[in-house]
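First up is the structure itself, then whatever we jot down about it.
The values are calculated or read from the model by the stated rules, or taken from the named source; none is laboratory data. Small disclaimer: the values here were computed from a predicted structure and weren't measured. Ideal geometry is used to build each Cβ from the backbone, glycine not excepted, and the neighbour counts take in all protein chains shown.
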Amino acid sequence: QQQVKQSPQSLIVQKGGISIINCAYENTAFDYFPWYQQFPGKGPALLIAIRPDVSEKKEGRFTISFNKSAKQFSLHIMDSQPGDSATYFCAASFIAGSARQLTFGSGTQLTVLP
Amino acid sequence: EAQVTQNPRYLITVTGKKLTVTCSQNMNHEYMSWYRQDPGLGLRQIYYSMNVEVTDKGDVPEGYKVSRKEKRNFPLILESPSPNQTSLYFCASSKTGYMNTEAFFGQGTRLTVV
């Protein structure tokens, strides 16, 4: 079963627009929420991450919004650029036994039109 | 350059023919893991290793084996591949498996089993 649900599956945005990707989770043991960015032919790479004790984290044009009570978090890409076209994965981490486990969402393919 | 190296990048094989996908990291990371990426399912963990000689099952371990005889290497073994193991595979490493640290991914191995 998918522990982290991600939507939409694909997203097309005009250059300069705002891209929004949403994720929801059920497991309250999750305590770290990273986003990974994957370009075609490459492995995922960490983009930005947040802990549940803050509601928002911003790095440049990328912002994570976190709603602990709703168990939802989202990635906002402001002033989207064609170079942002990639697949984005949300993820959630928790301690399972003696090791941290990282669970990924299903991914969102973002296309930014020039 | 810090990196995770997987080989081969592409592999086509026949059902039942044993194969090994190699993974090596040069960052002295303790934690290594294997994921498979399938459309609509995101990244699912196959196996992980907290350190040398310590391995454990992830979410989808059936049909796979791993070993961790050296810190830098973490090969994935398919002893009798089947068509349902056709997928894109990623190896990843992190500094530790106990704390939230960035996961570094290889470039992927696209496996086709016919």
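Looking only at segment B:81-99, which residues are surrounded by fewer than 22 Cβ atoms within 10 Å (Cβ to Cβ), more than 15 Å from the chain's Cα centre (by Cα) and at the interface with another protein chain (Cβ under 10 Å from one of its Cβ atoms)? B:Thr96, B:Tyr98, B:Met99, listed by residue number.
Answer yes or no: is there a residue in segment A:8-22 that is assigned to a loop (DSSP other than H, G, I, E, B), under 13 Å from the mean Cα position of the chain (by Cα), modelled with pLDDT of 95 or more and more than 30 Å from B:Gln3 (Cα to Cα). Step through it out loud before you land on a result.
From segment A:8-22, those assigned to a loop (DSSP other than H, G, I, E, B) are A:8-9, A:15-18; that's our starting set.
From what's left, under 13 Å from the mean Cα position of the chain (by Cα): A:8-9.
Those left that are additionally modelled with pLDDT of 95 or more: A:8-9.
Next, only the ones that are more than 30 Å from B:Gln3 (Cα to Cα) stay: A:8.
Yes, because at least one residue in segment A:8-22 is assigned to a loop (DSSP other than H, G, I, E, B), under 13 Å from the mean Cα position of the chain (by Cα), modelled with pLDDT of 95 or more and more than 30 Å from B:Gln3 (Cα to Cα).
Among the residues of segment B:26-66, the ones that are part of a loop (DSSP other than H, G, I, E, B) and touching a strand residue (DSSP E or B) at 6+ places or on another chain (Cβ under 7 Å) come to 9 in all. A Cβ distance below 6 Å, combined with a sequence gap of six or more or placement on separate chains, defines the contacts here; from segment A:1-26, residues that are polar (S, T, N, Q) reach residues that are surrounded by fewer than 17 Cβ atoms within 10 Å (Cβ to Cβ) and in a loop (DSSP other than H, G, I, E, B) in the pairs A:Gln3/A:Asn27.
Say whether the condition of being closer than 30 Å to A:Gln9 by Cβ and either within 11 Å of chain A (Cβ to nearest Cβ) or touching a helix residue (DSSP H, G or I) at 6+ places or on another chain (Cβ under 7 Å) (or both) is met by at least one residue in segment B:46-53. Looking through segment B:46-53, at least one residue is closer than 30 Å to A:Gln9 by Cβ and either within 11 Å of chain A (Cβ to nearest Cβ) or touching a helix residue (DSSP H, G or I) at 6+ places or on another chain (Cβ under 7 Å) (or both).
When B:Lys71 is tested against (1) closer than 18 Å to B:Tyr98 by Cα; (2) facing chain A (nearest Cβ under 10 Å); (3) not in a strand (DSSP E or B), only condition (2) is not met.
Answer yes or no as to whether B:Val60 is surrounded by fewer than 20 Cβ atoms within 10 Å (Cβ to Cβ) and of a type in the set (Val, Ile, Thr).
For B:Val60, the condition - surrounded by fewer than 20 Cβ atoms within 10 Å (Cβ to Cβ) and of a type in the set (Val, Ile, Thr) - is met.
Listed by position, the strands (runs of 3 or more DSSP E) enclosed by segment A:54-114 that each have at least 3 residues that are at pLDDT 95 or above and more than 14 Å from chain B (Cβ to nearest Cβ) are A:62-67, A:72-77, A:108-113.
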